[in-house]
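Notes follow the structure.
The values are calculated or read from the model by the stated rules, or taken from the named source; none is laboratory data. This is a predicted model, so every value here is computed, not measured. A quick note on method: Cβ atoms are made from the backbone with ideal geometry, for glycine too, and the neighbour counts reach across all protein chains shown.
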Amino acid sequence: MHCRVNICRKWAKPMRNTRVEAFDRTPRDVIATGNEYPPHHVLPSHSHRRGQLLYASTGVFTTITNEGSWVVPPRRALWIPAGVAHEVHMGGPVATRSAYVTPEAAQAAGLSERCVVIAVSPLLHELLMEAVDLPAEYDLDGRDGRVMALLLDEIRRMPVLPLSAPLPHEKRLAALCRDLLEEPSQEVKIDDMARRAGMSRRHFTRTFREETGMSFTAWRQQACLLSALTRLGNGEAITQVAMDLGYGNPSAFTAAFRRVLGMAPTRYLASPAA
């Protein structure tokens, strides 16, 4: 089976969702675009008829849906299934490459039915960089068709990274978690969260785990680490970030970061294959 692909390149101004929808009329399974965004730019909540692989070529961005929040550091990518409403917040200047895949092609390729952050291998990076330079319509049986078929294969084999914080569906908990994502801190206590939610401590902890699959303590740490990734990616000092997030010292923060993500913050951000 051939991979049908259409490629478009667009720089300087963020591409609006209507432009992506216009490309949907082309008889191709995949379309690819490139964009650059200024610091702190926000793409309001929107969805696509195609699944989107949103790759942070440079910079860090955060994507929020009703299901959770995902932080994407440089040289990682977020897979967003078709129809999922999402908003995107740029932490600083961000350059992206996107591959939009029809639901049928995504299913055939075995891509996830949920949002996931994935690693990006050197090969996948080069394929995405190449995609935006291919002609709009090309020989599906030629070299370009093989490149894009390989791109889908490479997306499928990438490991999922623990760079998300799930949001509960219970309205009181969801509101509190969104507030905490805005200003995360290790100093936020379970008893304070339970009181604000109008719940007993036991009810709060049980409901939180049922809704998110995590304890509140683990979720709080995850929210702090996601915030740290954004700030460190924008060049802020580890010491300042650690203190702002409520860690006793930079060593405690680095140890927590290494436990979850496998390596120290500076190495993680510098390593495309982390």
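Structure values in brief
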| item | result |
| --- | --- |
| Residues being closer than 24 Å to Glu211 by Cα and either basic (Lys, Arg) or under 12 Å from the mean Cα position of the chain (by Cα) (or both) - total across segment 33-80 | 12 |
| Selection status of Phe216, surrounded by 13 or more Cβ atoms within 10 Å (Cβ to Cβ), over 23 Å from the mean Cα position of the chain (by Cα), aromatic (Phe, Trp, Tyr) and not assigned by TED's automatic domain parsing to the domain that holds Cys115 | no |
| Residue, farthest from Arg178 (Cα to Cα), within segment 85-108, restricted to residues that are hydrophobic (A, V, I, L, M, F, W, C) and surrounded by 18 or more Cβ atoms within 10 Å (Cβ to Cβ) | Ala105 |
| Given (1) assigned to a helix (DSSP H, G or I); (2) under 24 Å from the mean Cα position of the chain (by Cα); (3) at pLDDT below 95; (4) surrounded by fewer than 18 Cβ atoms within 10 Å (Cβ to Cβ), index of the condition Gly235 fails | (1) |
| Output for segment 119-146, where each listed residue is in contact with a helix residue (DSSP H, G or I) (Cβ under 6 Å, 6 or more places away or on another chain) and at pLDDT below 90 | Leu134, Tyr138 |
| Condition check for Ala165: at pLDDT 95 or above, touching a Gly at 6+ places or on another chain (Cβ under 8 Å) and aliphatic (A, V, I, L, M) | yes |
| 1 or more residues in contact (Cβ under 8 Å) with a residue 40 or more places away in the chain: qualifying helices (runs of 4 or more DSSP H) within segment 111-211 | 122-131, 143-157, 171-182 |
| Per-region count, segment 68-87, residues outside any strand (DSSP E or B), modelled with pLDDT of 95 or more and out of contact with any Asp or Glu (no Cβ under 7 Å at 6 or more places or on another chain) | 4 |
| Failed criterion for Thr207 (all others in (1) touching an Asp or Glu at 6+ places or on another chain (Cβ under 7 Å); (2) closer than 24 Å to Phe253 by Cα; (3) among the polar types (S, T, N, Q) hold) | (2) |
| Sole residue being buried (at least 19 other Cβ atoms within 10 Å of the Cβ) and closer than 26 Å to Pro168 by Cα, chosen from Leu128, Leu78, Leu134, Leu124 | Leu78 |
| Positions within segment 245-270 being free of Cβ contacts under 8 Å to residues at least 24 places away in the same chain and not basic (Lys, Arg), in sequence order | Gly248, Asn249, Pro250, Ser251, Ala252, Thr254, Ala255, Gly262, Met263, Ala264, Ala270 |
| Residue within segment 182-201 that is touching a Gly at 6+ places or on another chain (Cβ under 6 Å), surrounded by fewer than 13 Cβ atoms within 10 Å (Cβ to Cβ) and farther than 17 Å from Pro162 by Cβ present | yes |
| Tally, over segment 141-162, of residues that are out of contact with any Ser or Thr (no Cβ under 8 Å at 6 or more places or on another chain) and surrounded by 17 or more Cβ atoms within 10 Å (Cβ to Cβ) | 9 |
